[in-house]
Structures are given as C-alpha cells and as structure tokens.
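Trainee: Supplied in structure tokens, the structure appears directly below.
The values are calculated or read from the model by the stated rules, or taken from the named source; none is laboratory data. Because the structure is predicted, anything quoted here is derived from the model rather than measured. For neighbour counting, all protein chains shown are included, and Cβ atoms are generated from backbone atoms with ideal geometry for every residue, glycine included.
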There are 2 protein chains.
Amino acid sequence: MIPQAQALAAPAPGASAAKLLPLPFETMKFCSICGNEVTLGVPPGDNRPRYSCAHCGTIHYQNPNLVLGTVPVWQDRVLLCRRAIEPRYGFWTLPAGFMENGETTAEGAERETVEEAGARIELGDLFSMLDVPQVKQVHLFFRAQMLGPELDPGPESLEARLFDEDEIPWQQIAFRTVEQTLQWFFEDRRRGIYATHTGAIRYAARSQE
Amino acid sequence: MIPQAQALAAPAPGASAAKLLPLPFETMKFCSICGNEVTLGVPPGDNRPRYSCAHCGTIHYQNPNLVLGTVPVWQDRVLLCRRAIEPRYGFWTLPAGFMENGETTAEGAERETVEEAGARIELGDLFSMLDVPQVKQVHLFFRAQMLGPELDPGPESLEARLFDEDEIPWQQIAFRTVEQTLQWFFEDRRRGIYATHTGAIRYAARSQE
C-alpha cells in the first residue's frame, strides 16, 4: 500500500476514529490547471457544491477512492501483515491499498499482496465490498490462493505471517473492513460456500474533540 | 448522472473510442493547496510518478473513479434511458453515474436511477463489476425491482422506457459495460439464478488519429 494523502478508512473499534475523519471533500484553494483561486459553489445544472475556477472554467470534481485487497490463504491459514505506516501503525491488516490509475481491481489487489507481503498468489473471486462513506472509500477484497508459504514483507509491513482462525489477533486488527471481511470469510468457510458479501461501515457522529 | 470532467467509459463497439481515451492521469500544472507550480516525478518511497509541490510538500494522488448504476426491472421489462448529454448523446444506457463523496455504492446507484429516470425502486444485490482501466473507472451495477411503471426522466435523459429483451437496441447501447451487464442479466434470467459477475473492458491500443 503506497501511503496517500487520505487516511485509510475505518479503524477497528477502540481506535480514535474521530481524528481520522476527513471533511466531506478535500480542501482546495487554487485551480490545478491555471493557478487562479477557486470558489466553492453549486455549478449550473448540478446539485452539489464543487470547487470551480472562474478564470478557466474548470470544475474540480472529487469522488470516492477504491481500496483493493485480498484474503490470501495457505493450507487453512490466512495471511495478515502488520502495518509499518500510519494510520494504525503496528496493527494487523489483510494486504490492501489504493487502486492506481491504469490497473484493474484484480490487478491492484494482486499488486498490493505482492508489495506488502511478498506472497505469490492465484487470485480468486470478489469476496467482499464494503462502503466507508465517511472517508469516501469503497474497499474490495478478493479471495486468493497462495502458491507457497514464502513471504517477503515490503517496507510498509513490519512483518507478515499466516494465522490459524483461532490465532487471529481480533483486538489488533487495523480496520473495520478487514475485521468484517475476516468474519465473513471464516463463516463462509465453515458453511463450505463462499459468497460475495456487501455492506457498509458507518461511524457514530463526528465527535467535537 | 452529473456530467464530469472525465468522459464516461467504454463506448459500445462502432463508436470512436480513441477520441474518448484520456491520458493515464489528468494534467495538473499548479498546486491546489498553495498555487505554486507542481512537478511530475516518483516521490521518495513510492514507485509511480505523481504530481507534487516542492513549495508546500503536497503529493497530489490521482485514483480511478467508481460509476454506479442499476438494472431496473418492471414485469420482465428492463429500464433504459436515452442520453441527453455527451459522451454518447442519443444512445441508450442503464441509469448510472459517478459516485459522490459521502454516499455508499447502493445509495449512489439508487440516486442515479431516480435522477435519470424518475423510477421508484427497491435496490437488490450487486450484479456486475466491470473494470475499464483505460479510462480509470470501475462500473458497478445493482439489480433493482421497480415499484411501479411510472417514469419521469431527468434533464440528462432524452427519454426513459421499458424494454422487453427482444426490443433491446443492442446497436445503440452507449457503453460496453452496459452492454455486458445486459447480456449477463438476460443469461442469468434464463438460468433462473442471478450471480455477481466481474470482468474488464479493454480497448485495442490507442489509435494515432
């Protein structure tokens, strides 16, 4: 996962969520095309406030981001990485990161798994899609069969290792989308049928702190 | 669908795709935070070129966008809208548009269906996810049960109407993601089982025209 300006979403329960919540859109002061000051307002024919430039006419749309990851499995054990970067330094996560321009969701999920864990995988089906509207993100996780147990954690991971279900560090999972995906995964594995799961993670109202 | 700076992806076969293909990232000349000129290069610890500002230190990440839509059905007929905006003015589409900050994928898909067709729906499961890497988009379509046949097309639709399968204007479908989603929908309906489908739409190499 390459660090991005936006904080990755939805820390697991117990974390201080309020401090990570960005505004509904990123602050913008100058037009990235012509360098003049932008103004915030609802453009003609639109129904939402956007930053726009009166000088060159550009409307600067802002939209949610996709975060792509995998649930890599080797002989009934699941691969987790311990984060070497903020947010949630030191907590455990499935390999995941922001989708890059020019790649598909499957390509991005596999790329993140290689970058963060050094795992060789065969990517499977889409497993979970979780909206995190308060941080403008949608998280997608694909199932993945590891092709061997070898791991080689990248610079964004303190370590990477395989966990049996009863070893999962539930109190130290970095993000709620990861926690929910792991819960769905073990439920489906017990049933013997893997579905595609969808849902949304919502925080309580933003605190005043 | 609110018009956006980015062209909506993947015109159906026969359209002049090359002219709609944007560069791998949007051109940026000035920092949107401090107004100084940005430079393009690979930041320390990163592995891809980004625009960044030497003056204030901001790295301006760019990421793919989500397009959200539905397959609305009323008594075995499917709802399509004829586009009143470019790209693909006059061609038929499922109701769909760019995801907005602060909403979930399901909320956005329902919003677009209301805005473009005035249809009242009960949203169903995620039906298709189609990557369109050349235009940095991922398209999601949800199944939707219409709660009545009444339609009230919005300003971005010339008209909206219900089609039996044998009436679908296959030669006048606006986007390949819509065409593929409709094909999957009718196949699944014949089988009597609706799955969640994933895939990617890729163009031939960019032409020199």
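Trainee: Condition check: assigned by TED's automatic domain parsing to the domain that holds residue B:75 and part of a strand (DSSP E or B). Does residue B:160 satisfy that?
Mentor: yes
Trainee: Determine which single condition residue A:75 fails, assuming it passes every other condition in (1) modelled with pLDDT under 95; (2) at positive phi.
Mentor: Residue A:75 satisfies all of (1) modelled with pLDDT under 95; (2) at positive phi except (1).
Trainee: If I ask for residues that are within 14 Å of another protein chain (Cβ to nearest Cβ) and either in contact with a strand residue (DSSP E or B) (Cβ under 9 Å, 6 or more places away or on another chain) or part of a strand (DSSP E or B) (or both), which ones from the stretch A:145-157 would you list?
Mentor: Answer for the stretch A:145-157, where residues must be within 14 Å of another protein chain (Cβ to nearest Cβ) and either in contact with a strand residue (DSSP E or B) (Cβ under 9 Å, 6 or more places away or on another chain) or part of a strand (DSSP E or B) (or both): A:154, A:156, A:157.
Trainee: Can you find a residue that is assigned by TED's automatic domain parsing to the domain that holds residue A:74, loosely packed, with under 13 Cβ neighbours inside 10 Å, assigned to a loop (DSSP other than H, G, I, E, B) and among the aliphatic types (A, V, I, L, M) anywhere in the stretch A:167-175?
Mentor: no
Trainee: Please determine whether any residue of the stretch B:180-203 is assigned to a loop (DSSP other than H, G, I, E, B) and modelled with pLDDT under 95.
Mentor: yes
Trainee: Quick one: is residue B:181 within 20 Å of residue B:108 (Cα to Cα) and away from chain A (no Cβ under 14 Å)?
Mentor: yes
Trainee: Only one of these is polar (S, T, N, Q) and out of contact with any Ser or Thr (no Cβ under 7 Å at 6 or more places or on another chain): B:177, B:181. Name it.
Mentor: B:177
Trainee: Then there is this: May I ask you to say which residue of B:97, B:90, B:102 is buried (at least 20 other Cβ atoms within 10 Å of the Cβ) and not assigned by TED's automatic domain parsing to the domain that holds residue B:42?
Mentor: The conditions single out B:97.
Trainee: Got a sec? Which of B:152, B:131 is buried (at least 21 other Cβ atoms within 10 Å of the Cβ) and acidic (Asp, Glu)?
Mentor: Unique residue meeting the criteria: B:131.
Trainee: Can you tell me which residues in the stretch A:6-44 are in a loop (DSSP other than H, G, I, E, B), of a type in the set (A, V, I, L, M) and either closer than 13 Å to residue A:60 by Cα or at pLDDT 60 or above (or both)?
Mentor: Those that are in a loop (DSSP other than H, G, I, E, B), of a type in the set (A, V, I, L, M) and either closer than 13 Å to residue A:60 by Cα or at pLDDT 60 or above (or both): A:12, A:28, A:33, A:38, A:42.
Trainee: How many residues does the stretch A:45-54 contain that are exposed (fewer than 15 other Cβ atoms within 10 Å of the Cβ) and either touching a Gly at 6+ places or on another chain (Cβ under 7 Å) or outside any loop (DSSP other than H, G, I, E, B) (or both)?
Mentor: 1
Trainee: Could you please let me know if residue B:185 is buried (at least 20 other Cβ atoms within 10 Å of the Cβ), over 17 Å from residue B:90 (Cα atoms) and of a type in the set (Phe, Trp, Tyr)?
Mentor: Yes.
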